[in-house]
Amino acid sequence: MKFLIDNNLSPLLADALKAAGHDAVHVRDLGMQAAPDETVLERAHAGEQVLISADTDFGGLLSRSRASSPSVILIRRLAGRRAAEQATIILANPTR
């Protein structure tokens with residue numbers, strides 16, 4: 001699975017997903033840490049990546065665009081959840 005991790009999540013999440021055998025990259029690694037949400041969403045679409053974010057704006061952007069991709073995983077309740085725990089939850093719930 002290919003993942004793009006948004007700037008509001010730790011780069012350690014990308015590391016944990018890579019360690020599990022996935023292709024994962026954080027927006028910081030692409031120099032996109034200040035990119036607008038629309039640009040991040042387009043990058044995920046172009047790269048055929050699942051976007052992982054804590055930003056609720058992506059659902060609305062995807063809906064308004066009427067696009068069928070990319071898939072977006074929204075992580076809520078960040079307080080107290082470290083990147084390793086977030087990765088465990090993602091890996092326990094496979095996407096297609």
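Quick look at the numbers
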| read-out | value |
| --- | --- |
| Global form of the chain, assessed from the alpha-carbon gyration tensor, a/c cut-off 1.5 | rounded |
| Computed [θ] at 222 nm, deg cm²/dmol, the chain (DSSP H ≥ 4; -39,500 (n - 2.57); rounded to nearest 500) | -11500 deg cm²/dmol |
| Local net charge near Leu17, Cβ-Cβ under 12 Å (Lys/Arg +1, Asp/Glu -1) | 0 |
| From phi via Karplus (6.51, -1.76, 1.60), per-residue ³J(HN,Hα) for the range 61-66 in Hz, x at Gly/Pro | 4, 5, 5, 5, 7, 6 |
| Relative contact order [Cα under 8 Å, 6+ residues apart], the chain, whole percent | 31 percent |
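A short reminder: the numbers here are calculations on the coordinates, not readings from a lab. Bear in mind the structure is a predicted one, so any value in this text is a computation, not a measurement. Methodologically, a virtual Cβ is constructed for each residue, glycine included, from the backbone with ideal geometry; neighbour enumeration extends over all protein chains shown.
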